[in-house]
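Presented below is the structure to which this report refers.
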Amino acid sequence: MSYHRFTSCLTGWAFTFLLAVAASAQGLEDMQLFAPANLSTYGGPLRAKEGYFFAFDGLMWGISQPEVTPIGHPGPGRLVYTGPTEDRTATQTNSFDTSLFGAEIVTGQRYELGWVHGHHGLLFSGWHLNSQTQTEGVGAMEMVFDDREWGGALDYRHLDGYVTDTSTVPLPLPVTFDSARIRNRVRTWGCEVMYLLRTDPTHSGGYFEFFGGARYLEFNDRFQVEAYGRLESAGDDDDDDDDDDDDVWIGTLANSYWQQDAKNHIVGPQVGARWFKQYGRWSLSTEGRLFVGFNSQSIHQRGVLGSELDPTVDPPVPMTPLSMGPTSFTHSWNEPEWSPGVELRVGADWQCTKSISLGVGWTGLWMDGIARASNMVDYTLYEDQTMGILHQHNRQSVFMNGANFRIVINR
């Protein structure tokens, strides 16, 4: 279910429920949105507001980058041949890794609404971050694949081929792309519903609120690579059309594409606490939440290697695989995990009128047990399978944090 559909439905039910709560209690009629701010301390400290409340936050958060992993099979490298004799060998390694991506700032929104009277209340909160999409264009990308034997006594591998026109023995070929586009995208949102318990004011005039309820959160990560060979002219052709040249793609695996999605659906119980105190027009607050979520992870991979390959060409083209044609693949995997998390908030609000405040704050959200897409790609060529999913790499920590700018009504 999408964020917008889920939160719209849940907000509607929450608001309907709040409207049904104790119609005789203090409610909307007492807000007086544009009445002058009441700053009198006659008879004791300023009392906490009661009734219905609402808050909107504009978010500017950064999302931590995935763990750095090579774009290709990790390890010391792969021995490849670049010429017809053994002295034309090289150890090929991976040119790039996921350090290309950083903790880029994205914008978002957070909505809170609820009701409180006396010591008891209800709180609903929903938030959403816009997509964090980072795309890097690179050139001359070298990659390592774990090319497994599958030819029995003939010892074939997918990336074996002739290195020159006169070669008679297939040799391991390098995998080099002329250019590539590498992309990482994160989409995340969440919501929570909690019972609220407010204490009497402390001796210093501050209040404590304690929460208990449930939280739902999605963290969806996508890693994508588009890798291209070099397009060259093969010279004059013999057909009768107006095209004087045949264009060919140069590159062992020209052209290739793969995409991996890691979706985390987290739901579980949550507890929290908030302290706040008003100093004249200013109100300071700090709060924290602790949750332990059940994470239903869903990993999907699809792609194609060597979309321009043609193993039927005779004689074989040098520096192209002998027995590998365009190879498409799809893989899926699902796994349950535990994902604990902690959220901290601090803020300062300035009271404009009796019920309207403007504020600024900071929020930090840490979660563990999160699947990220980029380090779960298996760059292995098996006899009957192309690439795959590394199941054991499904637990990473994620930290999201940043500023929030808010408008508050009667909170």
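The values are calculated or read from the model by the stated rules, or taken from the named source; none is laboratory data. All values derive from a computational prediction rather than experimental measurement. Virtual Cβ from ideal backbone geometry, glycine too; neighbours counted across all protein chains shown. With ligands, DNA and RNA removed, areas are computed over all heavy atoms of the protein, side chains included. Shrake-Rupley method; radii C 1.70, N 1.55, O 1.52, S 1.80 Å.
Observations, loosely collected:
- In this structure segment 355-411 gives 35 Å² per residue of accessible area when probed at 1.4 Å with all protein chains present.
- By average C-beta atoms within 10 angstrom, highest first, the peptides 334-342, 360-368, 307-315: 360-368, 334-342, 307-315
- Proximal lysines relative to residue 354, as straight alpha-carbon distance under 29 Å, when same-chain residues fewer than 8 apart are discounted: 49, 277
- Total charge dipole magnitude, segment 292-399, about the Cα centre, Cβ charges on Lys, Arg, Asp, Glu only, Debye to nearest 20: 700 debye
- The packing ranking, built from the mean of other Cβ atoms within 10 Å per residue, places the peptides 95-101, 117-123, 214-220 in the order 214-220, 95-101, 117-123, highest first.
- Ordered by 1.4 Å accessible area with all protein chains kept, 274, 395 run largest first as 395, 274.
- Three-way shape label, segment 325-379, alpha-carbon gyration tensor, a/c 1.5: prolate
- Prolate/oblate/rounded label for segment 357-411 (Cα gyration tensor, a/c 1.5): prolate
- Under Karplus coefficients 6.51, -1.76 and 1.60, residue-wise ³J(HN,Hα) of segment 209-219 in Hz, glycine/proline x: 10, 10, 10, x, x, 9, 10, 10, 8, 10, 9
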